[in-house]
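In what follows, a structure is listed as structure tokens, so that the remarks can point back to it.
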Amino acid sequence: MSAESLTLDKPRSPRRPAARRNNFELYSWLFMRLSGLALVVLVLGHLFIMNILDDGVHRINFAFVAGRWASPFWQFWDLAMLWLAQLHGGNGMRTIIEDYARKDTTRFWLKMLLYASIALILAVGTLVIFTFDPNIAG
Amino acid sequence: MASPTPTDTAAHDTSQIPAPEGSITVTVRVLRFNPEFDDEPHWESYDVPALPTDRVLNLLINIKSYVDGTLSFRRSCAHGICGSDAMQINGVNRLACKVLIKDLLAKGNKRTTISVAPIKGLPQMKDLYVDMEPFFEAFKAVKPYLIAYGNEPTHERIQSQADRERFDDTTKCILCACCTTSCPVFWSDGSYFGPAAIVNAHRFIFDSRDEGSEERLDILNDTEGVWRCRTTFNCTDACPRGIQVTKAIQEVKQALLFKRV
Ligand code: HEM
Ligand code: SF4
Ligand code: SF4
Ligand code: FES
């Protein structure tokens, strides 16, 4: 298209910010829905096991956690829950910051704080799940 | 929504307004702003006669004609078709020419109060008059016109009824901005294209005669495009034309997601 026809496209209109067109927002939108679906199973299952099944919270102690994490299945369950909830909740918080931060600098620093906290929790959580030592108490 | 403040100014002399038989007195509160004198908007109240069959627009015209000629608002057709007189009436976006007084009457014998404020999210220029330019900028940005490549056809561009049906709903838009200025995302992020622009993109994206769908979908895939929509349905509630606005937005998302129109 020539420059001339581009100007005729929208005469006298105010500027809109430069287009930022990639599929990031599309994938992030899709991720929120898919991770949400997975979280229904993971979180509700988790809550059921921890709070309702048998004696609920009363039976939870170091040995109980150690017993569950002895199985790679529950290790994977908790790992998936950690990563999905962090990325889902983090991406949700990103949206909220985009919405409510009024100044670009506030927006930038809030997002940096958010990303740092996501990275920290993911790192610590993953480390614990993989390096958990059931013999520490004994 | 604009909230009542205790600073409503003293009563205005509304005795010049003709009070036809069967009329009752209602209080119209208008969020007024004159950029030449006021630092911020303030409420003013007018006790005016109204028939149950009057529209809110009639009352505003009476105030302008008989009480204060400086009261500013847009209106043209007065029949819900030009899209000029969108405003917040009792906190919701409506066309003043389509809201009947009888639907706003207070229960029992209580005095009816009708609050009128400008639509939200666009700069208030004077009284109910807002700067619509950001709204139309987003509209223009989605190329709301038929795009067809190749030679001009020698006859009409034929379309089946089923193909026409796909975008029938979105042809009804009158660009009143009720939807976009009811959208919480637009309030906080003025660069969001907003529901009206997406509705008008939808009108061409799903038109079988149009060849610009990909261009428009690409435009709406922007950071400020359809993915900003949070499906709160404010826009659908506000649309005076009854357009299923949120559904249209979801159809655009779907087209982007599955790369298929
Ligand atoms: C129980 C399963 C869950 C489902 C089905 C679910 C689903 C969703 C969906 C679909 C969205 C996107 C909304 C939109 O774009 O309009 C969303 C947003 C969000 N989710 Fe979840 N979610 C779940 C669990 C969680 C958890 C465990 C957290 C916290 C870690 C969380 C935090 C958030 C946040 C902060 C947002 C952003 C809210 C907003 O956009 O206003 N969600 N959720
Ligand atoms: S459905 Fe989307 S476009 Fe409509 S008001 Fe809600 S966020 Fe805005
Ligand atoms: S979609 Fe409805 S509310 Fe929005 S501008 Fe068009 S007619 Fe007005
Ligand atoms: S004056 Fe034309 S739509 Fe109300």
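Quick note: the coordinates plus some simple rules give every number you see, no bench work behind them. Just so we're clear, the structure is a prediction, and the values are computed from it rather than from any experiment. Because the Cβ atoms are built from the backbone with ideal geometry, glycine has one as well, and the counts that use them run over all protein chains shown.
Output the peptides B:237-250, B:21-34, B:183-196 sorted from most to least packed, where packing is the average of other Cβ atoms within 10 Å over each peptide's residues. Each step should come with its number before you reach the end.
Numbers: B:237-250: 20.0, B:21-34: 16.7, B:183-196: 22.2.
Per-residue mean Cβ counts within 10 Å order the peptides as B:183-196, B:237-250, B:21-34.
What ranking do B:Y46, B:Y149 get, fewest neighbouring Cβ atoms within 10 angstrom at the top?
Values: B:Y46 24, B:Y149 6.
Ordered from fewest to most neighbouring Cβ atoms within 10 Å, B:Y46, B:Y149 come out as B:Y149, B:Y46.
With +1 on the Cβ of every Lys and Arg and -1 on the Cβ of every Asp and Glu, and nothing else charged, how large is the dipole of chain B about its Cα centre, in debye rounded to the nearest 20? It would help to have the intermediate numbers written out before the result.
Working: 30 positive and 34 negative charges, 169 e Å.
Dipole of chain B, to the nearest 20 debye: 820 debye.
Only helical DSSP H runs with n ≥ 4 go in: add -39500 (n - 2.57) per run for chain B, normalise by residue count and round the 222 nm mean residue ellipticity to 500 deg cm²/dmol. Can you show the working numbers first?
Numbers: 8 runs with 64 residues, N = 261.
One gets -6500 deg cm²/dmol as the mean residue ellipticity at 222 nm.
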### Query
What are the ³J(HN,Hα) values, in whole Hz, obtained from phi via the Karplus relation 6.51 cos²θ - 1.76 cosθ + 1.60 with θ = phi - 60°, for each residue of region B:130-140 in sequence order, with x given for Gly and Pro?
10, 7, 8, 4, x, 5, 6, 4, 5, 4, 5
### Karplus-derived HN-Hα couplings along region B:76-83 (A = 6.51, B = -1.76, C = 1.60, θ = phi - 60°), whole Hz, x at Gly and Pro
9, 6, 6, 9, x, 10, 8, x
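Fewest Cβ neighbours within 10 Å first, please rank A:R59, B:R166 accordingly.
In increasing order of surrounding Cβ atoms, one gets A:R59, B:R166.
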### Task
From zero up to wherever the largest Cα-Cα distance of region B:132-258 sits, split into 10 Å bins and tell me the percent of pairs in each.
13, 46, 31, 9, 1
### Message
Binning at 10 angstrom from zero up to the longest distance, how are the C-alpha pair distances of region B:24-129 distributed in percent?
### Response
15, 51, 29, 5, 0
### Prolate/oblate/rounded call for region B:110-168, Cα gyration tensor, a/c under 1.5 rounded
oblate
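From the helices alone, meaning DSSP H stretches of at least four residues, give me the mean residue ellipticity at 222 nm for chain A, per-run term -39500 (n - 2.57), in deg cm²/dmol to the nearest 500. Working shown, then result.
Details: 5 runs with 96 residues, N = 138.
It lands at -24000 deg cm²/dmol.
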#### Entry: With eigenvalues of the C-alpha gyration tensor scaled by 5 and rooted, region A:25-131, Å
31, 16, 13
### Query
P(r) of the protein assembly as shown in 20 Å steps, Cα pairs, percent per bin?
21, 41, 28, 9, 0
### For the protein assembly as shown, with +1 on Lys and Arg beta carbons and -1 on Asp and Glu, the positive-most of B:I17, A:P72, A:L84 along the dipole
A:P72
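What pairs in A:K103/B:K143; B:K140/B:K247; B:K107/B:K247; A:K111/B:K253 have C-alpha atoms more than 32 Å from each other? Let's see the in-between values first.
Working: A:K103/B:K143 30 Å; B:K140/B:K247 21 Å; B:K107/B:K247 35 Å; A:K111/B:K253 26 Å.
The answer is B:K107/B:K247.
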## Note on the structure
The ³J(HN,Hα) series, computed from each phi in region B:248-261 with the Karplus coefficients 6.51, -1.76 and 1.60 at θ = phi - 60°, rounded to the nearest Hz and given as x for glycine or proline, is 4, 5, 5, 5, 5, 4, 4, 4, 5, 5, 9, 6, 8, 9
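Normalised by the number of residues in chain B, what is the relative contact order in percent for Cα pairs under 8 Å and 6+ residues apart? All intermediate terms of the calculation are to be shown ahead of the outcome.
Working: 468 pairs, mean separation 43.2, N = 261.
RCO, chain B: 17 percent.
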